[in-house]
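Q: Just passing along the structure, written as structure tokens.
The values are calculated or read from the model by the stated rules, or taken from the named source; none is laboratory data. What you are looking at is a predicted structure, and each value in this text was computed from that prediction instead of being measured. Quick reminder, even Gly has a Cβ in these numbers, built from the backbone with ideal geometry, and neighbours come from all protein chains shown.
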Amino acid sequence: MKKITFILILILSSTISAQSIFDASRNGNLDKINALYTLDNNVINTADTKGFTPLILSAYNNQLKVVAFLLEKGVAVEAKDASGNTALMGVCFKGSISIVKILIENGAEVNAQNYNGATALIYASTFGHTEIVKYLLANNADKNLTDNRGNTALKHAVMQGNTAVIALLNK
């Protein structure tokens, strides 16, 4: 009976820790993330039911300090969610150039494609993040890659009327 109780406590505590890391990553609670990492350094590479990792969540939610901490601890920078999106793709959707830079400096693949063929450049172009588009292009983003519908980053920028991005992609 004691063994069963102990096992149940371990399972519950690991579930609570995993859930806590996701909430802390979204909210930028670095103290909690550090405490959870100290208890179990594998927690930084866990994924929730949608495949979101602490890095993906913190990048998407503009939590630069958390992103930097996770990268310093060796988090898997190319982890993908259930749709095949990486942290770089998520931040290019949202628009934080600081996080884009730190991810690329730490090995994020600029030309990775999700399961629909979208890239970080396609997301940045679609949402008019001109500074990010410029940075991605300077870091060898391939503007000729197409999504599953055959659309390039330029085509997405044109569809959204993002004239500054269109000008960059036409160079």
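Q: Quick one: in segment 128-171, of everything that is of a type in the set (Gly, Ala, Ser) and not in a loop (DSSP other than H, G, I, E, B), which residue is surrounded by the fewest Cβ atoms within 10 Å (Cβ to Cβ)?
A: Looking at the filtered set, the residue picked out is Ala138.
Q: Condition check: under 22 Å from Asn45 (Cβ atoms), modelled with pLDDT of 95 or more, touching a Lys or Arg at 6+ places or on another chain (Cβ under 7 Å) and aliphatic (A, V, I, L, M). Does Ala87 satisfy that?
A: No, not satisfied.
Q: Is it the case that some residue within segment 64-84 is among the small types (Gly, Ala, Ser), closer than 23 Å to Tyr123 by Cβ and either at pLDDT below 95 or assigned to a helix (DSSP H, G or I) (or both)?
A: yes
Q: Looking for whichever is under 13 Å from the mean Cα position of the chain (by Cα) and of a type outside the set (A, V, I, L, M, F, W, C) here; the options are Lys73, Lys101. Which one fits?
A: Going through Lys73, Lys101 in turn, just one is under 13 Å from the mean Cα position of the chain (by Cα) and of a type outside the set (A, V, I, L, M, F, W, C): Lys101.
Q: How many residues does segment 118-127 hold that are crowded, with 22+ Cβ neighbours inside 10 Å and outside any helix (DSSP H, G or I)?
A: Within segment 118-127, residues that are crowded, with 22+ Cβ neighbours inside 10 Å and outside any helix (DSSP H, G or I) number 2.
Q: Now a separate question. Restricting to segment 85-110, and then to whatever is out of contact with any His (no Cβ under 7 Å at 6 or more places or on another chain) and in a loop (DSSP other than H, G, I, E, B), can you tell me which residue is surrounded by the most Cβ atoms within 10 Å (Cβ to Cβ)?
A: Ranking the candidates gives Thr86 first.
Q: Among the residues of segment 97-109, are any free of Cβ contacts under 8 Å to residues at least 40 places away in the same chain and touching a Ser or Thr at 6+ places or on another chain (Cβ under 9 Å)?
A: Yes, that holds for at least one residue.
Q: Then there is this: Starting from segment 65-91, take each residue that is closer than 12 Å to Asn114 by Cβ and list its partners that are of a type in the set (Lys, Arg) and not in a helix (DSSP H, G or I), counting only C-beta distances under 9 angstrom and pairs at least six apart or across chains.
A: That search, which allows pairs on different chains as well, returns Asp81/Lys50; Ala82/Lys50; Ser83/Lys50; Thr86/Lys80; Met89/Lys80.
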